[in-house]
Amino acid sequence: MESNLETSGAARLGGRGTFALLAAHCAGMVDMVALPVWVGTLIGSYHLDPQEAGGLVTLFLAAAVASSVVFAPRLNRLPARASVSAGFGVAMLAFLSMAAVGDSYAAMAGLHAVAGFAVGCSLSFTHGTIGRSRNPHRLFAAAGLALGCFAIAFLGVTPGLVALHGGPILFRVFAGVMAVAAAVCAMAFPALKAPHLEMSTAEPSFSPTVWSGMLGVACMAVTQAMVFSFVERIGVDRGFGLAAVTSVLIATGLVNLLPAPLAGFLELHVPARRVVLGGPLAQATLALVITQSSTLAPYAAAGAVFVAVMIFTHTFAFGVLARLDVTGRAVAATPAMLMTGAAVGPILGGTLVKFLGYGSLGIAAVLMAIAAMLCFSRLERRAVPAGASA
């Protein structure tokens with residue numbers, strides 16, 4: 001079954017299909033790039049407190065999780081191209097509406113939920129299709145590189161636009177990203193043949209190992225969203241200056257170009273189990289530096305590489321999960337993995353900051369790292385090399 005799946009999948013991707021997958025990945029993962037600007041804009045331009053701002057982003061991410069739970073099991077039953085394009089189209093309309101509703105918190109909350117559900121649908125089909133390609137690890141690494149390029153442009157331009165034109169421009173930028181993704185996917189999104197299953201045979205359930213790997217990714221996503229959401233605010237509130245903080249965000253985008261191709265290059269040379277066990281530890285260490293620093297240099301150095309750790313680690317985790325479940329459903333649930341954590345992160349981070357200050361984020365990151373390492377420790381050693389055959 002696997003050989004037939006890989007052959008048909010690889011034959012159908014081609015250059016146009018691969019480009020559509022990369023574009024869809026960038027649009028669907030916009031929260032990973034935009035979190036500090038998103039939360040910072042809601043606080044600075046819409047005058048929300050950290051908990052309220054984190055709550056809106058959490059609504060977006062929680063809706064994306066719900067959407068992934070709905071659509072990931074249906075990966076091989078629904079038309080992928082139509083589903084992806086429609087999802088990004090609905091998200092575009094929701095973001096345009098956010099730019100027009102003004103300061104109505106209730107309207108913003110509802111539109112965040114609609115946009116999140118739509119993006120979650122598109123991203124589930126995108127990651128499921130990547131997972132069923134010939135080499136999921138390397139294709140996901142290429143998607144990570146594309147996201148890094150996108151991050152440079154987004155983080156280099158958007159903060160200045162918001163400062164010049166106000167908060168609504170952020171949501172117009174989001175709408176533009178979704179519109180481009182919808183158009184590209186409508187024209188070129190690949191349609192892989194579903195793996196052959198007898199009509200009377202249900203798709204197999206996930207093993208405990210798969211569930212543990214998925215939960216480990218979710219734990220890292222909590223730390224990622226919880227800390228990265230407040231990177232901009234930490235720098236500004238500690239007096240580092242908007243120009244310096246913007247430079248850190250741009251540096252983050254530049255550094256993010258490196259981990260995905262590096263993970264692709266090291267696919268067959270580094271045991272994936274070692275990577276996924278070390279990733280949470282590195283992430284927690286950087287979180288402590290970011291949240292405890294009172295001077296610019298350590299804050300900037302840690303902030304610039306913080307996201308890169310997640311990208312590198314998750315590329316290996318994605319490859320392992322894709323090989324443990326050849327139907328593609330486990331990696332189709334990537335939005336649920338990432339955004340369950342990311343949905344918890346902003347509201348948890350906002351609550352901690354509101355009552356305990358920025359330093360509490362670092363302590364919470366250490367606790368989440370311990371949980372992630374316990375989950376990843378259950379990955380079977382025999383399945384460790386991401387390039388190994390399923």
Exercise. Would region 238-251 turn up any residue that is under 20 Å from the mean Cα position of the chain (by Cα), under 30 Å from Leu161 (Cβ atoms) and among the hydroxyl-bearing types (Ser, Thr, Tyr)?
Worked result: no
Seminar exercise, completed: Considering region 7-43, residues that are surrounded by 18 or more Cβ atoms within 10 Å (Cβ to Cβ) and in contact with a Lys or Arg (Cβ under 9 Å, 6 or more places away or on another chain), and then whichever is modelled with the highest pLDDT, we arrive at Ala20
For this session: For region 93-112, enumerate the residues that are among the small types (Gly, Ala, Ser) and surrounded by 21 or more Cβ atoms within 10 Å (Cβ to Cβ).
Result: Ala94
Seminar exercise, completed: Checked against (1) modelled with pLDDT under 80; (2) surrounded by 17 or more Cβ atoms within 10 Å (Cβ to Cβ); (3) of a type outside the set (Lys, Arg), Gly213 satisfies every condition except (1)
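Condition check ((1) farther than 17 Å from Met32 by Cβ; (2) without any contact (Cβ under 8 Å) to a residue 24 or more places away in the chain) across all residues:
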site	(1), (2)
Val255	no, no
Gly264	yes, no
His269	yes, yes
Arg273	yes, no
Leu281	yes, no
Ala287	no, no
Pro298	yes, yes
Ala304	no, no
Val309	no, no
For this session: Could you pull out the residue among Val65, Val57, Val84, Val90 that is surrounded by fewer than 22 Cβ atoms within 10 Å (Cβ to Cβ) and either touching an Asp or Glu at 6+ places or on another chain (Cβ under 9 Å) or β-branched (Val, Ile, Thr) (or both)?
Result: Val90
For this session: Provide a single number: the residues in region 336-382 that are touching a Pro at 6+ places or on another chain (Cβ under 7 Å) and surrounded by 17 or more Cβ atoms within 10 Å (Cβ to Cβ).
Result: 5
Exercise. Quick one: what pairs do we get from region 44-55, first residue over 15 Å from Glu232 (Cα atoms) and of a type in the set (D, E, K, R), second at pLDDT 85 or above and not in a loop (DSSP other than H, G, I, E, B), C-beta under 8 Å, 6+ apart or different chains?
Worked result: Glu52/Leu42; Glu52/Tyr105
Problem set entry | Exclusive hit being more than 26 Å from Val245 (Cβ to Cβ), crowded, with 24+ Cβ neighbours inside 10 Å and not aromatic (Phe, Trp, Tyr), set Val270, Val320 | Val320
For this session: Residues being of a type outside the set (A, V, I, L, M, F, W, C) and surrounded by fewer than 24 Cβ atoms within 10 Å (Cβ to Cβ): count how many of those fall in region 113-147.
Result: 3
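When you look at Val180, is it modelled with pLDDT of 90 or more, over 21 Å from Arg138 (Cβ atoms) and either of a type in the set (D, E, K, R) or assigned to a helix (DSSP H, G or I) (or both), yes or no?
Yes: the conditions hold for Val180.
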Exercise. Given the structure, is Gly279 more than 30 Å from Val210 (Cα to Cα), within 16 Å of the chain's Cα centre (by Cα) and not β-branched (Val, Ile, Thr)?
Worked result: no
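Conditions tested, residue by residue: (1) modelled with pLDDT under 90; (2) not β-branched (Val, Ile, Thr).
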| site | (1), (2) |
| --- | --- |
| Leu61 | yes, yes |
| Ala66 | yes, yes |
| Val69 | yes, no |
| Arg81 | yes, yes |
| Ser85 | no, yes |
| Ser97 | no, yes |
| Gly102 | yes, yes |
| Ala107 | no, yes |
| Leu111 | no, yes |
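The values are calculated or read from the model by the stated rules, or taken from the named source; none is laboratory data. All values derive from a computational prediction rather than experimental measurement. As a convention, Cβ positions derive from the backbone with ideal geometry for all residues, glycine included, and neighbour counts pool all protein chains shown.
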